[in-house]
């Protein structure tokens, strides 16, 4: 009988599992039910008690854990040793893991240690004609590939947003604590601190409900014949602050920094959507001052509801690529939207103050 292993680590809080791990667990649970295989769960972290309770109702026959202060922070040597120990103890045919930066960095090397194979950026696992297959996209979601492998264990790293998070009431978990020998030579790397932008300076928010995409039109001459770069920056940043949306940019906009043209100071290639950029999976998307060209739209493949603001009624968004197209001036529209959001925020604060 096949034996599947779900492998994950705790989140930054040091206790619970991150959302992407719960999504990958859904994939593992669905697959074990379809194939009749046994499911083993492996957890890594300083304290995995809460995480074990989260997954106790998943129907696993075993829950293997590697915990302790040595596994509190991401570190290749110790994470690899922990993953290797769990995989050897479970002896699985397939390992399903979330595609977090921590595991994506570690598991390819671990696959070599256990004489297995690994595939990353998987968005679906299923059984076709009696064989287990994994699906992933290549060339930025333009080519879909279905993969089969004979080597065991086969390690699959699942991308976020592909499955609904596993949800069940916490339960008492019967765990097996594994001991990993860690010589001092593999504990030389230490985390001395974390540097991160302030929350109001963060523009990339993978879990945001809305993706706001800015096009090159924001930095072009407007109806008065002038470029309004500072005003564009203020409007966009105010909207991001009030809505907590994630910021995306068209390739034509982010490329302007290397072409000596006006740019948005906070826009980088990390914000790029489509045409060698990211393919986000937010529930809703709002495109502004974009022409709706095909490469940009490909980057929106997994957005459920797409809306656009453009002065040109014949732009690419009007040709069936947006669910709703607002033929209007984006500067005027966003100024009005920001005013409404600010009013709503003020009302909420007044209500809260009155309640207190």
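Every read-out reported here was derived from the displayed coordinates using simple, explicitly stated rules and does not represent laboratory data. Everything numeric here is computed off the predicted structure, so don't read it as measured data. Using ideal geometry, Cβ is built from the backbone for each residue, glycine included, and neighbour counts are taken over all protein chains shown.
Observations on the structure shown:
- Within segment 61-184, percent of DSSP bridges classed antiparallel, to nearest 5: 50 percent
- GNM remark for the chain: springs join alpha carbons under 10 Å apart, and the peak mean-square fluctuation among 76, 326, 139 falls on 139.
- Computed over the chain, relative contact order equals 14 percent, with contacts defined as Cα pairs under 8 Å that lie 6+ residues apart.
- Beta bridges per DSSP, both residues in the chain: antiparallel share near 20 percent.
- Counting only alpha carbon atoms, the long axis of helix 19-35 and the longest principal axis of the chain meet at about 50°.
- Extension gain, residue 142 to residue 121, is 6.2 nm, computed as 0.36 nm per intervening residue step minus the present C-alpha separation.
- Were the residues from residue 335 through residue 11 laid out at 0.36 nm apart, the gain over their Cα-Cα distance would be 112.9 nm.
- From the coordinates of this entry, volume of the Cα convex hull per residue in Å³ is computed, and it appears in [x] 163; [y] 153; [z] 181 under the label [z].
- Exposure proxy order (Cβ contacts within 10 Å, fewest to most) of 20, 155, 147: 147, 20, 155
- Quotient of C-alpha Rg and 2.2 N^0.38 Å, computed over segment 92-143: 1.24
- Segment 1-98: relative contact order in percent, alpha carbon pairs under 8 Å with at least 6 residues between: 40 percent
- Using the Cβ-Cβ distance between residue 191 and residue 131 with R0 set to 51 Å, the FRET efficiency works out to roughly 0.75.
- Stokes-Einstein D for segment 210-355, Kirkwood Rh over Cα pairs, 37 °C, 0.692 mPa s (µm²/s): 209 µm²/s
- Length-normalised contact order for segment 3-186 - Cα pairs under 8 Å, 6+ apart - percent: 30 percent
- Between the helical axis of 76-90 and the longest alpha-carbon principal axis of the chain there is an angle of about 50 degrees.
- Residue separation of residue 171 and residue 61 scaled by 0.36 nm, minus their Cα-Cα distance, works out to 38.2 nm of gained length.
- Helical content of the chain, expressed as a calculated mean residue ellipticity at 222 nm, amounts to -9000 deg cm²/dmol (DSSP H runs of 4 or more residues, -39,500 (n - 2.57) each, divided by residue number, nearest 500).
- Proxy reagent accessibility, fewest Cβ within 10 Å first, across 24, 252, 246, 13: 13, 252, 246, 24
- Spin-label zone in segment 121-146 - amide nitrogen under 13 Å from a point set 7 Å from the Cα of residue 164 along the C-beta vector: none
- Along its first, second and third principal axes, ordered by size, segment 3-186 spans 44, 38, 28 Å in Cα coordinates.
- Seen against the Cα atoms of the chain and their longest principal axis, helix 101-113 is set at about 40 degrees.
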